[in-house]
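Undergrad: Take a look at the following structure, please.
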Amino acid sequence: MKRFRWRLQRILDVKRQREQVLRSALFMLAQQIAQTREAILLRRTRLRMLLDDLGGRGLADRIADQAIFMQFAGVEETAIARLEARRADLEAKRAETRTRFGEARGACKMLTRLREKAYHAYVREVARAEQKELDESAHLAFARKVAVAAP
């Protein structure tokens with residue numbers, strides 16, 4: 001019996017590899033988005049803590065430190081805006097990658113179904129060929145018996 005060989009196997013292997021690469025890319029993007037969100041949350045929490053600390057001080061200390069805090073808050077808000085923009089970019093990349101991953105996954109599923117269909121056709125063909133050989137050998141054996149018995 002000859003070995004099953006599917007012509008599109010190489011394409012299926014490449015598609016599976018691409019799917020795996022996109023899956024890992026999605027995972028990495030999710031990690032980067034989580035890190036960016038954490039950095040934003042950390043900066044906002046720090047601003048709130050400093051504002052609460054400033055609000056708890058006496059009037060003379062607060063007025064002196066308030067100008068410094070406002071400059072610091074402006075710089076922090078700019079940094080937070082940059083992080084928000086980065087997060088939005090990462091979200092867009094993740095959406096695009098998710099779409100490409102879905103397409104790759106669909107292609108893999110389709111190729112896998114085609115491979116299974118081809119394999120089942122191959123098994124039927126092999127079974128048909130084996131049955132044909134058995135039928136031929138049975139006919140030959142019967143013909144020999146008849147030829148030997150009919151002198």
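The values are calculated or read from the model by the stated rules, or taken from the named source; none is laboratory data. Please read all numbers here as calculations on a predicted model, not as lab measurements. FYI the Cβ positions are ideal-geometry reconstructions off the backbone, even for glycines, and counts take in every protein chain you see.
Undergrad: Only one residue in E77, E103, E91 is within 12 Å of L29 (Cβ to Cβ), assigned to a helix (DSSP H, G or I) and of a type in the set (D, E), so which one is that? Break it down stepwise before answering.
TA: Working: E77 fails: within 12 Å of L29 (Cβ to Cβ); E103 fails: within 12 Å of L29 (Cβ to Cβ).
Exactly one of E77, E103, E91 is within 12 Å of L29 (Cβ to Cβ), assigned to a helix (DSSP H, G or I) and of a type in the set (D, E), namely E91.
Conditions (1) aliphatic (A, V, I, L, M); (2) modelled with pLDDT of 90 or more, marked per residue:
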{"residue": "D61", "(1), (2)": "no, no"}
{"residue": "A67", "(1), (2)": "yes, no"}
{"residue": "L83", "(1), (2)": "yes, yes"}
{"residue": "L90", "(1), (2)": "yes, yes"}
{"residue": "E130", "(1), (2)": "no, yes"}
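Quick grid of which residues meet (1) under 30 Å from R7 (Cα atoms); (2) under 28 Å from the mean Cα position of the chain (by Cα); (3) of a type in the set (S, T, Y):
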position: R57; (1), (2), (3): no, no, no
position: R62; (1), (2), (3): no, no, no
position: G74; (1), (2), (3): no, no, no
position: E77; (1), (2), (3): no, no, no
position: L90; (1), (2), (3): no, yes, no
position: A107; (1), (2), (3): yes, yes, no
position: F142; (1), (2), (3): no, no, no
position: V146; (1), (2), (3): no, no, no
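Undergrad: Something else about it: With respect to A118, is the statement that it is surrounded by 14 or more Cβ atoms within 10 Å (Cβ to Cβ), touching a residue at least 40 places away in the same chain (Cβ under 8 Å) and within 30 Å of R5 (Cβ to Cβ) true? Please lay out each step first, then the result.
TA: Working: surrounded by 14 or more Cβ atoms within 10 Å (Cβ to Cβ): yes; touching a residue at least 40 places away in the same chain (Cβ under 8 Å): yes; within 30 Å of R5 (Cβ to Cβ): yes.
Considered against the rule, which asks whether it is surrounded by 14 or more Cβ atoms within 10 Å (Cβ to Cβ), touching a residue at least 40 places away in the same chain (Cβ under 8 Å) and within 30 Å of R5 (Cβ to Cβ), A118 comes out as yes.
Undergrad: Which of the numbered conditions does F4 fail, given that it passes all the others? Conditions: (1) of a type in the set (A, V, I, L, M, F, W, C); (2) within 23 Å of A104 (Cα to Cα); (3) at pLDDT below 95.
TA: For F4, the exception is condition (2).
Undergrad: Being closer than 30 Å to Y119 by Cα, surrounded by 14 or more Cβ atoms within 10 Å (Cβ to Cβ) and in contact (Cβ under 8 Å) with a residue 24 or more places away in the chain is the requirement here; does R16 meet it?
TA: Numbers: closer than 30 Å to Y119 by Cα: yes; surrounded by 14 or more Cβ atoms within 10 Å (Cβ to Cβ): yes; in contact (Cβ under 8 Å) with a residue 24 or more places away in the chain: yes.
Yes; evaluated as a whole, the condition is true for this residue.
Undergrad: Looking at R7, R57, R87, R105, which is the one that is touching an Asp or Glu at 6+ places or on another chain (Cβ under 6 Å) and among the charged types (D, E, K, R)?
TA: Working: R7 fails: touching an Asp or Glu at 6+ places or on another chain (Cβ under 6 Å); R57 fails: touching an Asp or Glu at 6+ places or on another chain (Cβ under 6 Å); R87 fails: touching an Asp or Glu at 6+ places or on another chain (Cβ under 6 Å).
The match here is R105.
Undergrad: Of all residues in region 19-40, which are surrounded by 15 or more Cβ atoms within 10 Å (Cβ to Cβ) and closer than 10 Å to A104 by Cβ?
TA: Of everything in region 19-40, those that are surrounded by 15 or more Cβ atoms within 10 Å (Cβ to Cβ) and closer than 10 Å to A104 by Cβ turn out to be E19, L22.
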